[in-house]
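Heads up, the thing below is written out as C-alpha cells.
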Amino acid sequence: MIKAPQAGTIWGDRKGTVATGFLAKFVDGFSSPPHIHNVTYRAFVIKGMIHNDDPAAEKMWMPAGSFWTQPAGESHITAAKGEENIAYVEISSGPYLVKPIEEASDNGERPINVDESNIVWLDASTVSWNKSDAKIAFLWEDESEGLSGKLLQLPADFKGEIHTKNGAFRAVVIQGEPAYKISKEAAAQSLAPGSSFSSEGASIHRISSSTEESTIYVRTDGEFDIVAEE
C-alpha cells in the first residue's frame, strides 16, 4: 500500500515557479515527520480529518470544509485520519518543496487553523455584489497582488450564476456536488469535491445545487457578482 502522500495538480505547476493549486491525498493514520516547506501554502480539508501544527502540539483534527495556512520555513507535521483524506493546497509561487527542519526559519507569518464550524458567513444583506441566497466567507486578501480568496456557500436547491467582470477567476469545489453549465444550452456537469472551473476576463458560470448545500473556494484578482437565476 502507498503510505506517502499523493498529489495531483489542478492548475499551475507545483514544480515550476508559478502559482499552483493541487490535491493532496493521505492514507488513514498518516503522520509526517517534522519538516518545513520553502513556500507558504493555504489549504482546505475536502475529505477526512487533517491535523497540521507544531510537532509538539496536541492533535486538533480539522473536518471537511476547514481551512489552514502554513508559513514557509516553519517546522510542523501533517497527519490524517479517515477512510479517505483529501486536501486542496494552494501556493502563490513554486516550486513546492519539502525540506528538513534544520533549514527552518521565521518569515514573520503565523499559521492559521480554522475549523469549518468557526468560518464566518455573510449573506446578501452585507455583501452588495451577492444578489442571491448564497453566503460568502472572506478568507484572505493580498493587496499588493490584488488577489483574494473567498468561500461561497450555496444552499440546497440553489440556482444562480457567477458573473466575472475581469481578471483571472479560479474555483474549486470543497463540499457538495453542484451542477455546472458554461452556457444555457450546455448539458449540466456534476462537480464532485476537488473539481474546478475557471475563466479569464468577463464570463458567466451557471451553478446549481440539488438536495445538499455546496461550498466553493474562489481565488481571483478580479470582481464578480453572484446572481440568482430568474
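Derivation of every value follows stated rules applied to the coordinates shown; laboratory data play no part. All values reported here derive from a predicted model rather than from experimental measurement. Neighbour counts are summed over all protein chains in view; Cβ atoms, including those assigned to glycine, are modelled from backbone coordinates with ideal geometry.
Counting just the Cα atoms, what span does the stretch 5-147 cover along each of its three principal axes? Round to the nearest Å and put the largest first.
Result, largest extent first: 49, 36, 28 Å.
For the ranges 27-38, 96-107, what's the packing order if you count other beta-carbon atoms within 10 Å of each residue, average per peptide, and put the highest first?
Order by mean packing, descending: 27-38, 96-107.
Give me the count of lysine pairs in the chain whose alpha carbons sit under 14 angstrom apart, restricted to pairs 8 or more positions apart or on different chains.
11
With a sphere of radius 11 Å drawn around the Cβ of Asn166, what net charge do the other residues whose Cβ falls strictly inside it have (Lys, Arg +1; Asp, Glu -1)?
Net charge around Asn166: -2.
Looking at Ile207, Ser66, Val120, which one has the Cα that reaches farthest to the positive end of the dipole of the chain (charges on Cβ: Lys, Arg +1; Asp, Glu -1)?
Of the listed residues, the answer is Ile207.
Measuring from centroid to centroid over Cα atoms, what is the spacing of the stretch 40-110 and the stretch 1-28 in Å?
13
Net charge near Asp13, counting Lys/Arg +1 and Asp/Glu -1 over other residues with Cβ under 15 Å of its Cβ?
Neighbourhood net charge equals +2.
Assign unit charges at the C-beta atoms only (+1 for Lys and Arg, -1 for Asp and Glu), then state the dipole size of the chain relative to its Cα centre in Debye, rounded to the nearest 20.
So the magnitude is around 560 debye.
How large is log10 I(q)/I(0) at q = 0.21, 0.22 Å⁻¹ when the Debye formula is applied to the Cα atoms of the stretch 7-65, each weighted equally and without solvent?
Debye intensities relative to I(0), on a log10 scale: -1.04, -1.12.
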